[in-house]
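Shown next, in structure tokens, is the structure this report addresses.
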Amino acid sequence: MFPHGDQVREFKIYVDEGMTPMQAIQTATVSGAELIGWPGRVGVVQTGAWADLIAVPGDPLKDITELERVKWVMKGGRVYKDELGRGGAAVRPAGQ
């Protein structure tokens, strides 16, 4: 058990125990939405869904601990943290 705010360290444990980084991320997004009965409403980025977003400096699919270095946070359509200095333009398509 981790103190509140340190739960992100669980992702590394999941990967160390055999999950892929994507599977570990899905435990907190897609799987979490299914558990609370809201699949397609939360835990996804799509039109009409409630999406809280983060940006990290590296690729968490290559190094899951990148999720421990959050630089940008949007919740409910409002940016709460912006260490990237880009206002609302911190998200870029995968592979670019």
**Asked** Calculated FRET efficiency, Leu35 and Glu83, Cβ-Cβ r, R0 30 Å, to nearest 0.05?
**Response** 0.45
**Asked** Spin-label point model (7 Å from Cα, Cβ direction): what's the Val42 to Lys62 distance in nm?
**Response** 3.2
**Prompt:** If you add up the charges near Ala24, with Lys and Arg at +1 and Asp and Glu at -1, over every other residue whose beta carbon is less than 11 angstrom from its beta carbon, what do you get?
**Reply:** -2
**Prompt:** Once the piece of chain linking Ala28 and Gln7 is laid out straight, how much longer is it, given 0.36 nm per residue of separation minus the C-alpha distance between them?
**Reply:** 6.5 nm
**Built amide H within the under 5 Å cut-off of Val56, gap 5+** = Lys71
**Asked** How large is the helix-only mean residue ellipticity at 222 nm for the chain, computed as the sum of -39500 (n - 2.57) over DSSP H runs with n ≥ 4, divided by its residue count, in deg cm²/dmol to the nearest 500?
**Response** -5500 deg cm²/dmol
**Message:** Report the number of Lys pairs in region 7-82 whose alpha-carbons are under 20 Å apart, with separation of 8 or more residues or on distinct chains.
**Reply:** 4
**Item:** Backbone HN-Hα couplings from phi across region 13-19 [Karplus 6.51/-1.76/1.60, Hz, Gly and Pro as x]
**Value:** 4, 4, 5, 4, 8, x, 6
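Bear in mind these aren't lab numbers, they're just calculated from the coordinates by the rules spelled out. Here the structure is a predicted model, which is why all the values come from computation and not from measurement. Reconstructed Cβ throughout: ideal geometry from the backbone, glycine too, with neighbour counts over all protein chains shown.
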